[in-house]
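*Asks:* I'd like to ask you about the structure that follows.
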Amino acid sequence: LVLETVLFDTSSQVSLMTMLDFSALPSGRSRVRQFALPNASCDQIGKLLFNGVQTCDGAQASPASCDAALTVSSRTEIEVTR
């Protein structure tokens, strides 16, 4: 799974647009991934937008089906949307 991702700063300005490669994701359980985001610290991020599915490979999977199944949430003050 590869998602086109946009980070916005606390002033709602785009600070980074990148592809996040989640690699293989197991079915039916959580997976934690860590990404290095240059020049980005949590206190400078106001919003994280998953702009779309770039790649989604797997049995009966396609970018459209993965996009339809994607749900997002956050336990932090950073807004996460799609």
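*Asks:* Could you grab me the full set of residues in region 1-59 that are under 13 Å from the mean Cα position of the chain (by Cα), closer than 19 Å to residue 77 by Cα and among the polar types (S, T, N, Q)?
*Replies:* Passing the criteria: 5, 34.
*Asks:* Check residue 11 against each of (1) touching a residue at least 24 places away in the same chain (Cβ under 8 Å); (2) surrounded by 13 or more Cβ atoms within 10 Å (Cβ to Cβ) and name the one condition it does not meet.
*Replies:* (2)
*Asks:* Take region 14-49 and flag every residue that is out of contact with any strand residue (DSSP E or B) (no Cβ under 9 Å at 6 or more places or on another chain) and β-branched (Val, Ile, Thr).
*Replies:* 32
All of the numbers you see were taken from the coordinates with simple rules; none came from a lab. Keep in mind it's a predicted model, so treat the numbers as computed, not measured. Glycine also receives a Cβ, built like all others from the backbone with ideal geometry; neighbour counts cover every protein chain displayed.
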